Amino acid sequence: MSLGPAGRRRQQSAARLARRLPGYRLALEEVLPRVRRSPTLTDLAWRVFAPRHGAGHVDVPLRGGRHVVGADVSRLPVVGVLATGLDEAQAEALVDRVGDLQAELGSFRPVLVLDQPVFAAGRRHDVVLELLVPRRAFEQGGHGDPGGWEEHVARRVAGLVDHYQLWHLARAGADGLDPLDERLVRAIGARLPEDLDVGPAGGRA
């Protein structure tokens, strides 16, 4: 962010004031180099002064879906759910299962990454559905990716992780979410700030 003339003047005045403070030279020449050379002190400084980036501290502009409400919905962690090779019924059941889990917990916002265009199921829960090219269509269509379908999916998912700032990418199959991933999603609520104004839509008056 560039500063205007007034902002630059304030910045210069603050710098001059800091240079006149007792101990400035000692801090600059002795303390600061020692902090930089010490992994422990560097870690401490990072934890104290760096912006918070854990669950519930990152504001990601993404709709929350119909199952969560509150002023801080935009701070709920975004969880990706990746499933390929499902048939239409299995994909719809997965979307419904993730929606039910969100309605129960009220602690995350899902992004479904599927190779089945089950958009009606996504609209039922008002969640984002990102579509992948199915393996068979990819191989029959001559997409020409030298890395093959897996490389195509990996690059696409890597872009979605960045775009949605995913807190976690869960895997799912025909039987639903991987059990460990479901447990991890259930653990999110305990990591959210206590003052976060958000929760399940059904649990609010």
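The values are calculated or read from the model by the stated rules, or taken from the named source; none is laboratory data. Only a predicted model underlies this, so the values are computations on that prediction, with no experimental measurement involved. Reconstructed Cβ throughout: ideal geometry from the backbone, glycine too, with neighbour counts over all protein chains shown. What goes into the accessible areas is simple: the full protein's heavy atoms, side chains included, and nothing from ligands, DNA or RNA. Shrake-Rupley method; radii C 1.70, N 1.55, O 1.52, S 1.80 Å.
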(message) I need the phi-derived Karplus couplings for the stretch 197-202: 6.51 cos²θ - 1.76 cosθ + 1.60, θ = phi - 60°, integer Hz, Gly and Pro marked x.
(response) 8, 6, x, x, 4, x
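If you take every DSSP beta bridge fully contained in the stretch 68-200, what fraction is antiparallel? Give it as a percent rounded to 5.
Working: 4 of 18 bridges.
Expressed as a percentage, antiparallel bridges in the stretch 68-200 total about 20.
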(request) Pop a pseudo-label 7 angstrom from the Cα along the beta-carbon direction at both residue 37 and residue 175 and give the gap in nm to one decimal. (result) 5.6 nm
(request) Take 119, 108 and sort them by solvent-accessible surface of the protein heavy atoms, 1.4 Å probe, largest at the top. (result) 119, 108
